[in-house]
Amino acid sequence: MKTFIKAASIFALVGVVALSPYNAEAATADGSVGTSSTGTVDVTVTVAENFRITGLAAFAFGTRNIGDGDADSNDDVCIFHNGDGSYKVNITDDSTGGTGAGFNVENAGDSAVISYNVFFNDVTGTVGEAAITDGTNSAAQSGANTASQTCGGGNSANIHVVIPGANLDAAAAGAYDSELTIVVDAD
Amino acid sequence: MLPHRSRRTQDALPEEQQDTMAHWTRHILHITFIGAVTLASAPPLSYADIRISSMNAFSFGTWTNGDGDLTSNDRTCIYRDDAGSDYRVTITDDSTITASAFRMQDVPNTSELAYEVRWNDTAADGGTVVTDGTALTGQSGANTSSSDCSTGGVTSNIQIRITSADLGSATAGSYSAEISILAEPE
């Protein structure tokens, strides 16, 4: 039996930051005629609040046999937020039961499922991680990279997937998969 | 001050006076040399009057991840009140965090966002990249018939470009800058 979970990369965006008045006065003006002439122009832009998750990798557990125990793997990822580093995540998968029905890998005919558990951590590694409920917002997370959309090549968080050995042992033979979607947005 | 001498005595100066003449000649040559260097490094300013007009603000709106670079052009008018059409421009902005470069700043002036400025001496997009505070010399094509280019048409272009890389790593917020374009006849 093969189990495979794909993590989908998601850009999440959330509201635009409340706009404050620009700090430059409206000073666009033509110059006057003289031995020199100076014109002035205002340049303005608003950068929306943006989040990004990168560094995602598939969880490919290969073939499992009865007695192999839990299928357990985790992946350090990068969370970027061009603000204060805070955020929340909402994780779902594409299993037939839909959002809120729990995380399940399914066989090709969607006739058999194996439930699994998802954990998220706002630092790399699994120490301090929290279990995620399918379709439910996480608690407020912190520590997003605020300078680089790809964390400068590093990471800032962790996703952890565990398929309990008991569930695997009880499953019908076959290949199972699921696609996880992780939405990152403002907490 | 040069020693006074008559044409008559010029033909047969005493040796002492010849030394003095040689001394002043060296000074005169030296001064001439310095003048030549100055002329070579920057075209002289003309006494003509000039005007820059047709200025419009660059309002880029809100940028969201994935929107790409922001680029905008503004056609401008350079007028000279004589037959000459050459000029130079020196462009600066009011940024304070990195005052020596083109930067927009947020409202509390704690974050900055780099941008590029180009000047073109024709009314076409693009142009030559301008360095903050450095004169772009050798521009031509000033309108000589209308101080607002209502006759003969606009003459030049300013382009502002903000790269998606800079926007994508900028802290969320509103950024602005005020650009000053000094035009001088050459």
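A:ASP84 fulfils the conditions (1) open to solvent by 40 Å² or more (accessible area, probe 1.4 Å); (2) within 14 Å of chain B (Cβ to nearest Cβ); (3) over 25 Å from B:ASP166 (Cβ atoms) except for a single criterion, (3). Can we say B:ASN56 is modelled with pLDDT under 95 and at the interface with chain A (Cβ under 7 Å from one of its Cβ atoms)? In short, no. The numbered conditions (1) in contact with a helix residue (DSSP H, G or I) (Cβ under 8 Å, 6 or more places away or on another chain); (2) among the acidic types (Asp, Glu); (3) part of a strand (DSSP E or B) are all true for A:ASP68 except (3). On the stretch given as the range A:124-178, residues that are crowded, with 16+ Cβ neighbours inside 10 Å, of a type in the set (A, V, I, L, M, F, W, C) and in a strand (DSSP E or B) total 6. All but one of (1) of a type outside the set (Val, Ile, Thr); (2) more than 10 Å from chain A (Cβ to nearest Cβ); (3) open to solvent by less than 60 Å² (accessible area, probe 1.4 Å) hold for B:PRO44, so report the exception by its number. The number of the failed condition is (3). Inspection of the range A:92-107 finds no residue satisfying the criterion of being surrounded by 17 or more Cβ atoms within 10 Å (Cβ to Cβ), among the β-branched types (Val, Ile, Thr) and touching a helix residue (DSSP H, G or I) at 6+ places or on another chain (Cβ under 9 Å).
Residue by residue, here is whether (1) at pLDDT 95 or above; (2) within 21 Å of B:SER174 (Cβ to Cβ); (3) within 14 Å of chain B (Cβ to nearest Cβ) holds:
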{"position": "A:ILE5", "(1), (2), (3)": "no, no, no"}
{"position": "A:ILE10", "(1), (2), (3)": "no, no, yes"}
{"position": "A:GLU25", "(1), (2), (3)": "no, yes, yes"}
{"position": "A:GLY34", "(1), (2), (3)": "yes, no, yes"}
{"position": "A:SER37", "(1), (2), (3)": "yes, no, yes"}
{"position": "A:THR40", "(1), (2), (3)": "yes, yes, yes"}
{"position": "A:GLY55", "(1), (2), (3)": "yes, no, no"}
{"position": "A:ILE66", "(1), (2), (3)": "yes, no, no"}
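Out of the residues in the range B:87-104 that are buried (at least 19 other Cβ atoms within 10 Å of the Cβ) and closer than 14 Å to B:TYR115 by Cβ, which is nearest to the other protein chains (Cβ to nearest Cβ)? Per the stated criteria, the residue is B:MET104.
The values are calculated or read from the model by the stated rules, or taken from the named source; none is laboratory data. A quick note: this is a predicted structure, and the numbers were derived from the prediction, not measured. Reconstructed Cβ throughout: ideal geometry from the backbone, glycine too, with neighbour counts over all protein chains shown. Note: areas computed on protein heavy atoms with side chains; ligands, DNA, RNA excluded. Shrake-Rupley method; radii C 1.70, N 1.55, O 1.52, S 1.80 Å.
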